[in-house]
């Protein structure tokens with residue numbers, strides 16, 4: 001019997017995320033519920049990595065759970081002054097790359113090769129001494145190197161392989177064994193998951209393995225790569241999940257200044273993270289506060305399904 | 001000549017969007033960056049360049065916008081869910097920024113930026129010194145990737161003196177770097193940015209190929225009610241003005257109606273957004 005990897009977010013984060021871990025938290029398909037659990041368990045000194053580390057990283061920085069980031073885009077997290085202050089004072093160390101660079105670094109990690117060449121960064125100040133040895137970072141000469149192709153002599157930039165200790169993601173569905181299925185564009189997730197030592201995925205639905213195996217093209221990593229599957233409906237809320245729910249603009253509108261005003265931030269975190277034990281309580285609280293109609297309003301409707309059919313058919317009894 | 005009825009209540013963002021949409025060429029592979037490109041590219045596809053193919057870094061290939069009355073809204077950003085419907089392929093970032101972009105298949109990248117200089121170099125990482133910035137920005141995302149690797153680049157940004165500078169504080173995304181031939185010397189394809197749509201008008205670059213000409217940005221057309229003197233005043237270097245300075249044609253009623261059907265909340269299009 002294959003191992004059943006279903007567990008609670010509390011168990012998964014406790015068991016598979018350690019202080020100091022290099023942690024992938026998605027580009028899209030954002031694992032918001034899992035990130036809230038990290039805050040509840042007060043993990044320390046995480047390094048957040050990903051092509052673009054989205055806004056859900058900001059609370060991890062501000063609460064001190066994460067103290068480093070290596071990414072192409074700090075994006076939403078620097079929309080407010082709380083995070084830029086952490087960068088100014090050295091409490092949040094950062095290494096700036098680009099989306100392609102991070103994806104390539106995950107690819108190298110996944111392939112088990114030590115580095116990978118790219119043409120990105122040529123002609124930019126990223127290659128300057130000033131950027132490589134900047135006081136906010138820690139990689140210094142290990143960040144990247146300009147080199148020549150040994151065959152053609154062309155200029156290239158060499159990027160080191162990146163292997164996250166743990167990758168977190170929200171996905172549509174999985175079976176109990178941990179075969180993860182995702183649809184919609186994949187961002188950098190596939191290579192980050194392959195490169196990671198441990199993978200934790202929250203899913204909207206757990207389905208029988210027969211369902212997964214009837215459409216195997218949709219699986220992005222096989223079960224042996226996956227440590228834990230968490231059945232967590234609305235696990236990406238307030239961010240979208242293709243086919244399930246859209247971005248919750250109403251909820252977001254109530255969260256202005258969250259990353260500029262420490263009091264507003266604390267109030268939000270007390271209410272939506274510390275004030276609930278898990279995502280189920282979060283959803284109950286949401287419905288208490290805003291009514292079930294607010295949740296219904298972001299649910300995907302009507303379903304948009306493929307037209308036509310595909311077949312994985314073959315000839316079971318070939319004759320010679 | 002077909003007579004056109006111009007809209008009289010368009011916003012600045014709508015004018016910029018339409019000016020940008022008119023720059024796209026049919027049959028090209030177009031990479032959409034954050035913000036207005038997510039509206040300008042589908043508008044262009046629906047009205048002017050039906051054979052252009054639209055892409056975003058997250059993995060969207062050849063998105064065909066469906067009827068806005070069915071779609072409800074266009075994409076608000078590069079991984080917004082409406083992009084998942086009507087695409088020819090949903091892949092990942094390696095497909096997109098690797099095979100597509102670095103493989104040399106992107107004709108035009110459509111980007112934003114925070115600061116630009118006379119050679120079209122962009123900065124999206126910080127204002128001021130990188131070590132002690134006056135303002136830290138979000139970073140580059142796919143902006144650097146596209147500026148390094150796309151054959152042509154269209155840039156949209158607000159026209160202010162602190163943004164249109166002699167030299168950007170940090171070259172995150174190379175334009176013509178230090179002038180003619182620079183891109184080639186740095187190992188990049190020679191052609192860089194070709195158009196800038198600002199909040200005051202349309203600017204182009206004095207080069208056909210990245211090697212000839214001065215490679216400097218010049219003012220080609222102003223928006224209605226904007227003078228060349230104003231544009232020069234809002235630019236930190238001595239901006240050259242085309243001898244055949246034009247005025248940007250205002251958006252038509254049809255264009256504005258279609259644009260608003262893609263952004264019914266006026267998320268990007270509202271007055272004061274730029």
* To do: May I have the extent of the alpha carbons of the range B:12-262 along their three principal axes, as whole Å values ordered from largest to smallest?
  => 48, 41, 36
* **Label-to-label distance, nm, for residues given as residue B:160 and residue A:158 (7 Å Cα→Cβ offset)** => 4.2
* Zone residues, the range B:199-218, relative to residue B:228, backbone N less than 14 Å from point 7 Å out along Cα-to-Cβ -> B:202-204, B:218
* Using the alpha carbon gyration tensor of chain A, what are the three equivalent-ellipsoid semi-axes (square root of 5 times each eigenvalue), largest first, in whole Å? -> 32, 30, 17
* Average beta carbon contacts from partner chains per residue of A:92-98, 10 Å cutoff -> 4
* Asked: What is the list of residues in the range B:147-186 whose amide nitrogen lies under 19 Å from a point 7 angstrom out from the Cα of residue A:129, following Cα to Cβ?
  -> B:170-171
* Asked: Fully extended, how many nm does the chain gain between residue A:11 and residue A:289 (0.36 nm per residue separation, minus their Cα-Cα distance)?
  -> 97.3 nm
* Computed Kirkwood radius, in angstrom, where 1/r is averaged over Cα pairs of the range B:209-271 -> 14.5
* Burial ordering of A:283, B:188, B:203, fewest other beta-carbon atoms within 10 Å first -> A:283, B:188, B:203
* Expressed in nm², what is the orientationally averaged projection area of the convex hull enclosing the Cα positions of the range B:56-167? -> 8.4
* Asked: Per residue Cα convex hull volume for the range A:116-160, in cubic angstrom?
  -> 69
* Largest-first principal axis extents of the Cα set of the protein assembly as shown (Å) -> 77, 72, 55
* Hey, what did chain B get for relative contact order, percent, Cα under 8 Å, at least 6 apart? -> 21
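What translational diffusion coefficient, to the nearest whole µm²/s, does the range A:125-224 have by Stokes-Einstein, given a Kirkwood radius computed over alpha-carbon pairs, a temperature of 37 °C and 0.692 mPa s viscosity? Mind showing how you got there, number by number?
On the way: Rh = 16.5 Å.
Estimated via Stokes-Einstein, D reaches 200 µm²/s.
Please report, to one decimal in angstroms, the Kirkwood hydrodynamic radius of the range B:1-132 built from all distinct Cα-Cα pairs. Don't skip to the answer; put the middle values down first.
On the way: mean 1/r = 0.0621 Å⁻¹.
The answer is 16.1 Å.
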* Structure fact -> Here the alpha-carbon Rg of the range B:1-69 over 2.2 N^0.38 Å rounds to 1.16
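For the range A:79-143, take the convex hull of the Cα atoms, compute a quarter of its surface area, and give me that in nm², please. Mind showing how you got there, number by number?
On the way: hull surface 21.7 nm².
For the range A:79-143, averaging the hull's shadow over all directions gives 5.4 nm².
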* Computed helical MRE - 222 nm, chain A, DSSP H runs ≥ 4 contributing -39500 (n - 2.57), nearest 500 -> -7500 deg cm²/dmol
* Label point 7 Å out from residue B:5 along Cα-to-Cβ: which residues of the range B:58-99 have amide N under 18 Å? -> none
* Treat each spin label as a single point 7 Å out from the Cα along the C-beta direction, and report the residue B:254 to residue A:310 distance in nm. => 3.8
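Quick one: pull the percentage of alpha-carbon pairs in the range B:46-85 with a separation above 13 Å.
On the way: 407 of 780 pairs.
Of the Cα pairs, 52 percent sit more than 13 Å apart.
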* Starting from the eigenvalues of the Cα gyration tensor, five times each then square-rooted, give me the equivalent ellipsoid semi-axes of the range B:166-265, largest first, whole Å. => 29, 18, 13
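Please say if the range A:170-209 is rounded, prolate or oblate, where rounded means a/c under 1.5 for a ≥ b ≥ c the square roots of the C-alpha gyration tensor eigenvalues, and otherwise the choice is prolate for a/b larger than b/c and oblate otherwise? If you can, show how the numbers build up before the last one.
Details: a/c = 2.35, a/b = 1.37, b/c = 1.71.
Because a/c hits 1.5 or more and a/b fails to exceed b/c, the range A:170-209 counts as oblate.
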* Among B:222, B:214, B:56, which one shows the biggest mean-square fluctuation in a GNM of chain B, springs joining Cα atoms closer than 10 Å? -> B:214
* Asked: According to the Cα gyration tensor, what semi-axes, each the square root of 5 times an eigenvalue, does the equivalent ellipsoid of the range A:191-256 have, listed from largest to smallest in whole Å?
  -> 27, 16, 10
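Every read-out reported here was derived from the displayed coordinates using simple, explicitly stated rules and does not represent laboratory data. From a predicted model like this one, the values you see are computed outputs, not experimental measurements. Every residue, glycine as well, gets a Cβ built from its backbone with ideal geometry; the counts of neighbours run over all protein chains shown.
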